[in-house]
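**Student:** Structure incoming, see below.
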Amino acid sequence: MAVVYAVGVGPGDPELLTRKAERILRSVDVICAPTGAAEAGSYALSIVEQFLDRERQEVLVQVFPMVKDQQGLDTFWEEAADQVAQRIAAGKDVAFITIGDPFLYSTYLYIHRIFLAKYPEIKIEVVPGISSILAASAVSGLPLGLAAERIAILPATYEHDELKKTLQEFDTVVLMKVSRVFDTVYAVLKELGRDRGGVFVRRVGSSEEEVHHDLEALVGQKLDYLSMLIVRKNPL
């Protein structure tokens, strides 16, 4: 029976793709690549393009609107899942590619739940990928956790009091897709005296990668969507 592979392609550097992910991407019949808008390219696809054979493989670009409020978008997820199911029924193996890891704040999870509910007969194999969190920690030289230290990972929908409490209770806090709320977050860090214990990383692993330790210099700037902020309470 044909298989759906949820393949994590890492943060941006093709060399960070796992050997298993590369093997699967070279062998499947169909590659499903998510994009936030029909006119935009797929970042995940740009990472793996060199491993694909477009003469033999179908590359199916699917639109997944990247908006904060996901209400009313079920039609997009349903249509994407149906397109995959049609190809599985035809006996074709499908790889759904997603940046980072498929099970950590990924685009894939929106259709994974539909597969489980609507197509329980489809075999799914999840291929882990290197998270941008791990890559950002590595390039910035800021370790995530040591011994009994506690780590928190938050999406970009954090309220002031919740963020403040998390920063106080955890040793390391990772703030995902922080671009639109950076100034607010920086104000909280300043309030807590934590503004010098963090690093901002943009498009880690890509040719556009940037690492900023001077957070104050970023206040008021237009920042990249694919960015994160890592804050440590105590230096090593």
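**Student:** Does the stretch 105-123 hold any residues that are aliphatic (A, V, I, L, M) and surrounded by 17 or more Cβ atoms within 10 Å (Cβ to Cβ), and which are they? So that I can check it myself, show each step before the final result.
**Tutor:** Initial filter on the stretch 105-123 (aliphatic (A, V, I, L, M)): 109, 111, 114, 116-117, 122.
Ile111, Ile114, Ile122 - these are the residues of the stretch 105-123 that are aliphatic (A, V, I, L, M) and surrounded by 17 or more Cβ atoms within 10 Å (Cβ to Cβ).
**Student:** Quick check on the stretch 86-99: of everything there that is of a type outside the set (S, T, N, Q) and open to solvent by less than 10 Å² (accessible area, probe 1.4 Å), which residue is nearest to the chain's Cα centre (by Cα)? Before the answer, list the steps.
**Tutor:** Here is the first cut: in the stretch 86-99, the ones of a type outside the set (S, T, N, Q) are 87-97, 99.
Checking which are open to solvent by less than 10 Å² (accessible area, probe 1.4 Å) leaves us with 94-97.
Values: Val94: 20, Ala95: 16, Phe96: 13, Ile97: 11 Å.
The residue in question is Ile97.
**Student:** Among the residues of the stretch 191-203, is any aromatic (Phe, Trp, Tyr), modelled with pLDDT under 95 and farther than 30 Å from Arg26 by Cα? So that I can check it myself, show each step before the final result.
**Tutor:** Residues of the stretch 191-203 that are aromatic (Phe, Trp, Tyr), as a first pass: 200.
Now narrow it down to the ones that are modelled with pLDDT under 95: none.
No, the conditions are met nowhere in the stretch 191-203.
**Student:** Quick one: is Val199 in contact with a strand residue (DSSP E or B) (Cβ under 8 Å, 6 or more places away or on another chain), open to solvent by less than 20 Å² (accessible area, probe 1.4 Å) and without any contact (Cβ under 8 Å) to a residue 60 or more places away in the chain? Step through it out loud before you land on a result.
**Tutor:** Values: in contact with a strand residue (DSSP E or B) (Cβ under 8 Å, 6 or more places away or on another chain): yes; open to solvent by less than 20 Å² (accessible area, probe 1.4 Å): yes; without any contact (Cβ under 8 Å) to a residue 60 or more places away in the chain: no.
Judged against the criteria, Val199 is not a match.
Let's see how each residue does on (1) over 22 Å from Glu58 (Cα atoms); (2) free of Cβ contacts under 8 Å to residues at least 12 places away in the same chain:
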site	(1), (2)
Ala85	no, no
Ile88	no, no
Lys118	yes, no
Lys123	no, no
Ser131	yes, no
Ala147	yes, yes
Ala156	yes, no
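**Student:** I would also like to ask the following. If you go through the stretch 1-30 one residue at a time, how many are touching a Phe, Trp or Tyr at 6+ places or on another chain (Cβ under 8 Å) and hydrophobic (A, V, I, L, M, F, W, C)?
**Tutor:** Residues meeting the conditions: 7.
**Student:** Moving on. Mind checking which residues of the stretch 142-193 are among the polar types (S, T, N, Q) and within 18 Å of Leu223 (Cβ to Cβ)? Give the derivation first.
**Tutor:** Residues of the stretch 142-193 that are among the polar types (S, T, N, Q), as a first pass: 157, 166, 168, 172, 179, 184.
Result: Thr157, Ser179, Thr184.
**Student:** If Ser106 satisfies every condition in (1) in the same structural domain as Gly12 (by the TED database); (2) among the small types (Gly, Ala, Ser); (3) assigned to a helix (DSSP H, G or I) but one, which is the exception?
**Tutor:** (3)
**Student:** Within the stretch 211-232, does at least one residue satisfy the condition of being among the aromatic types (Phe, Trp, Tyr), open to solvent by less than 60 Å² (accessible area, probe 1.4 Å) and in contact (Cβ under 8 Å) with a residue 12 or more places away in the chain?
**Tutor:** Our first condition is that a residue be among the aromatic types (Phe, Trp, Tyr); within the stretch 211-232, this holds for 225.
Narrowing further to those that are open to solvent by less than 60 Å² (accessible area, probe 1.4 Å): none.
No, that holds for no residue.
The values are calculated or read from the model by the stated rules, or taken from the named source; none is laboratory data. Because the structure is a prediction, the values reported are computed rather than measured. Positions of Cβ are backbone-derived with ideal geometry, glycine not excepted, and every protein chain shown enters the neighbour counts. Note: areas computed on protein heavy atoms with side chains; ligands, DNA, RNA excluded. Shrake-Rupley method; radii C 1.70, N 1.55, O 1.52, S 1.80 Å.
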